[in-house]
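Below is one structure; the comments refer to it alone.
The values are calculated or read from the model by the stated rules, or taken from the named source; none is laboratory data. Note that the coordinates shown come from a computational prediction; the quantities given were computed from them, not determined experimentally. Note that each Cβ is placed from the backbone with ideal geometry, even for glycine, and that neighbours are counted across all protein chains shown.
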DNA sequence: TCTGGGGTCCTAGGACCC
DNA sequence: TCTGGGGTCCTAGGACCC
């Protein structure tokens, strides 16, 4: 049976989320900043039109922000995560086979839906999502994921398509590919694009008809798969049930330079706890813990970075145990006299709960400790992240990241629920 | 003053084994 | 003086994604 994939992609997702509950920015350009208010990571259409490039450091576009009255927001992941869930739940109305690919994208399997007018079906999905969540989306429909990605670009770019583009059984497919630069193909990054250009392959159609042996040699099997997908041969399947993560990272830049071991210990304790919560959520244990620190590479000042990892005799998901080791690693790699910008924690060697090898001389997590962890997670889930932290993460936390333009937690905090006031006319 | 964070997959090369 | 061939496992680094 021929496969059909739809890709649903939220438009300017973070910026759209900020607009849903804040009508005052509906007609203003909106930009959302990365963690630490570092770079622009999401832009409304108006901001794109003003020429503000994705990834621009905030301090480099402040002039434009003032001149054009751009509304600026710090990243509010609690809000975006919740809005994402609403969008995904809406999509589940349309097919049971859905892969949540990222916070703002989902692949839907529409195989077996050929009897429908796929374009109209897409339009229906789009209307419903916008009505139920307030988030505008673009939808691309095609025989492979790679082609669905291309279709979505067209749906977004060509206004006459009204947000939906189907390339299923479409004789114009090669024309569409011809108009698609290779660097815009999903999975073709800067380096691969350069190689393709060097061989005179500038658009997706040329790539499609290129010599497969050459493709395999220079772009590996990954490139070969992409090429196959351009031929409508599906090689990248729908992953409905994503496998558990193989590593969990928590790393952050600091709001200001950090110089003391004390503060760095606090920071990695906090990061370790956050990573451990994710670890427990996917019901895994970690065998390896890694800690790293780095100075600010953009500054002309003494640079230092280092990392250290420990392997446990028996895998664990205990926040306290992990944090203790994280602090010990930090003590080992810390050198005084530097201004640190960033620290991170990696949990690796992840195995499913219940598959751990007990070690005779290793203090394995007791049942009581496990109950304590469960309690911690329940409370943090219910009252918001950071309601309960571990003491070694400190209270004052001078290293905390900057978030000067944070919007309220409209959907997840009682006190932040928007209030609509009637005015007398 | 101010430059994000969290992932995956693939390959090459070294260690080690039979 | 000569130094096969095949296999596995691990790690670091490259490339890419959102």
Exercise for the section: Would you mind listing the helices (runs of 4 or more DSSP H) fully within the range A:168-239 where at least 2 residues are surrounded by fewer than 16 Cβ atoms within 10 Å (Cβ to Cβ)? Expected result: A:173-178, A:190-198, A:212-230
Completion exercise
Note on residue A:156: of the conditions (1) away from DNA strand B (no atom under 16 Å from the Cβ); (2) touching a helix residue (DSSP H, G or I) at 6+ places or on another chain (Cβ under 8 Å), unmet is (2)
Exercise for the section: Assess whether residue A:303 counts as being free of Cβ contacts under 8 Å to residues at least 40 places away in the same chain and more than 9 Å from DNA strand B (Cβ to nearest atom). Expected result: yes
Exercise for the section: Check off (1) in contact with a helix residue (DSSP H, G or I) (Cβ under 8 Å, 6 or more places away or on another chain); (2) without any contact (Cβ under 8 Å) to a residue 40 or more places away in the chain; (3) more than 22 Å from residue A:122 (Cβ to Cβ) for residue A:23 and give me the number that stays unchecked. Expected result: (1)
Problem - Lone qualifier among A:139, A:135 - being surrounded by 22 or more Cβ atoms within 10 Å (Cβ to Cβ), under 24 Å from residue A:83 (Cα atoms), modelled with pLDDT of 95 or more and in contact with a strand residue (DSSP E or B) (Cβ under 8 Å, 6 or more places away or on another chain) - result: A:139
Exercise for the section: Test each condition in (1) part of a helix (DSSP H, G or I); (2) buried (at least 21 other Cβ atoms within 10 Å of the Cβ); (3) within 13 Å of DNA strand B (Cβ to nearest atom) for residue A:254 and report the one that comes out false. Expected result: (1)
Completion exercise
Within the range A:215-238, residues being out of contact with any helix residue (DSSP H, G or I) (no Cβ under 6 Å at 6 or more places or on another chain), more than 14 Å from DNA strand C (Cβ to nearest atom) and within 20 Å of residue A:180 (Cβ to Cβ) number 5
Handout entry: strands (runs of 3 or more DSSP E) fully within the range A:1-67 counting 1 or more residues that are farther than 30 Å from residue A:116 by Cα and within 16 Å of DNA strand B (Cβ to nearest atom)
Key = A:30-33, A:40-43
Handout entry: All positions within the range A:36-56 that are touching a helix residue (DSSP H, G or I) at 6+ places or on another chain (Cβ under 9 Å) and in contact (Cβ under 8 Å) with a residue 60 or more places away in the chain
Key = A:37, A:38
Exercise for the section: Test residue A:294 against the stated conditions and say whether it is touching a strand residue (DSSP E or B) at 6+ places or on another chain (Cβ under 9 Å), within 15 Å of DNA strand B (Cβ to nearest atom) and in a strand (DSSP E or B). Expected result: yes
Handout entry: Hits in the range A:276-323 (condition: surrounded by 22 or more Cβ atoms within 10 Å (Cβ to Cβ) and within 20 Å of residue A:264 (Cα to Cα))
Key = A:276, A:289, A:291, A:293, A:319, A:322, A:323
